[in-house]
Each structure stands twice: as structure tokens, then as C-alpha cells.
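> Here it is: the structure, laid out below.
The values are calculated or read from the model by the stated rules, or taken from the named source; none is laboratory data. Because the structure is a prediction, the values reported are computed rather than measured. Neighbour counts run over all protein chains shown; Cβ positions are idealised from the backbone, glycine included.
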Amino acid sequence: GESVGLHLPTLSVQEGDNSIINCAYSNSASDYFIWYKQESGKGPQFIIDIRSNMDKRQGQRVTVLLNKTVKHLSLQIAATQPGDSAVYFCAETGQAGTALIFGKGTTLSVSS
Amino acid sequence: DVKVTQSSRYLVKRTGEKVFLECVQDMDHENMFWYRQDPGLGLRLIYFSYDVKMKEKGDIPEGYSVSREKKERFSLILESASTNQTSMYLCASSPGTRGTDTQYFGPGTRLTVL
């Protein structure tokens, strides 16, 4: 069946380092991908998205890379700050007309 | 900014009670969703709605029902709450005619069933 997974459930980095959070997806027909950030006690917040006709998209301190050949998605956070500590989810489109499919999340811990 | 609000942040109910969780969005979005979130299981879709009075089952609809009488409001109903329904419940909405656009989430309701 379809599934979206993340390579690591936890990631610990030092303040100022660059962080890379990875996600593997299984549905080669997915055409839209999203990264969400969820801080403790809050709902997920949209960070950045990318469509399948792109392989890279940049936001403020964040970059999403899409490799359709190996069905891999990554989120890069530059100069990671303590406020970046959260759970990060990737999500992909399901079969046409159905809801998004979410991965289980990676917990990013930033120490100063 | 999109705003999705949920009626309660924390709720404690007893087994067998009927529970209503309310969600309201202010961006005229077509689509609304209810998820539950449990440690190690991620977000699991309970029900979603593409239009007023329309509903579709998600991955885990058993024990739940929903109501969408107005476009901005989507209610999740636990007909007879059970302890295994203790969870964080998240509501989301998205624009467009497909359920696969960016979804915007509310703050969540942490429900405890005793």
C-alpha cells in the first residue's frame, strides 16, 4: 500500500549547524509534497511545499529537495536554532482526489 | 492568514459519553479533515469532507461520525466514548477541489476518556 516514511525518528544537532531531515515515499504518482513542523502542544504548521515538476525549492532558511528517481524528499534547515526544535512531518498526495498521506515524523532537537 | 480553530484544547470525558469536537475555519475552504495523532502512529485520517453535507471515511472511521451543515464548520462526534479514543484530535482545512492541497491545521484538542 501507499506509505510515507522518514528515515530517522530523531535527530539531534547543535545550534548553528545545518539540519537535514529525510523522507522516503512509495507512490511514484504523487505530484505534491509538503513539509510540516509541529511544536509541542500545537497543531502542525505548513513550512514549505514542492510539486513534482521541480527538484528544489527554497524558503527562508529552509530548502526542500525532491528526487523522483529514488522517491526521496528532504528538508534542509540552515543555521538551526533552538526554536527549530519540533517534530517534522512530510506529506504526499495520495491517489487522485484523496487526502494527503503523512509520514510518522522526525523529532529534531537543537542544543545550544 | 488562515485560521482554524477548535472548540477545546483539553477535554476529559467518561466512557460511554457522547462527545462533540467542533472545528471552524475562516478562509472559505472547501475541504475539511479530522485526524487523530498518537505516539508512534503519526496522523491518521478519521473523516473528511469536500463540501457541505458531504463526508467520506478516512482510514479509521470506526467509532466516529461527522457533521458538516455549514461550509466553515466540521464537527467530529464520538457516539459513545471509549478509553481507546483518548488521543490528540486535529482538524484541518484546505482550499481547492481536491483533498490534496496544502492543509492548514488547528491547535488540536487533547481528549482523555476515563
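> Test residue B:102 against the stated conditions and say whether it is more than 9 Å from chain A (Cβ to nearest Cβ), among the β-branched types (Val, Ile, Thr) and surrounded by 15 or more Cβ atoms within 10 Å (Cβ to Cβ).
On the way: more than 9 Å from chain A (Cβ to nearest Cβ): no; among the β-branched types (Val, Ile, Thr): yes; surrounded by 15 or more Cβ atoms within 10 Å (Cβ to Cβ): yes.
So residue B:102 fails the test.
> Here's something else I'd like to know. How about region B:27-50: which of its residues are more than 11 Å from chain A (Cβ to nearest Cβ) and closer than 16 Å to residue B:90 by Cα? Before the answer, list the steps.
Within region B:27-50, the subset more than 11 Å from chain A (Cβ to nearest Cβ) is B:27-30, B:36.
Result: B:36, single match.
> So, one more: Under the condition of being under 15 Å from residue B:45 (Cα atoms) and β-branched (Val, Ile, Thr), which residue from region A:54-112 is farthest from the other protein chains (Cβ to nearest Cβ)?
A:101
> Residues that are in contact (Cβ under 8 Å) with a residue 60 or more places away in the chain, within 14 Å of chain B (Cβ to nearest Cβ), buried (at least 17 other Cβ atoms within 10 Å of the Cβ) and under 10 Å from the mean Cα position of the chain (by Cα): does region A:19-30 have at least one?
Yes, there is a match, as at least one residue in region A:19-30 is in contact (Cβ under 8 Å) with a residue 60 or more places away in the chain, within 14 Å of chain B (Cβ to nearest Cβ), buried (at least 17 other Cβ atoms within 10 Å of the Cβ) and under 10 Å from the mean Cα position of the chain (by Cα).
> In addition: Which ranges mark the strands (runs of 3 or more DSSP E) fully within region A:54-112 that have 2 or more residues being at pLDDT below 90 and closer than 28 Å to residue B:36 by Cβ? Before you say what the answer is, go through the steps one by one.
On the way: elements: A:56-58, A:62-67, A:72-77, A:86-93, A:100-102, A:106-111.
Result: A:86-93, A:100-102.
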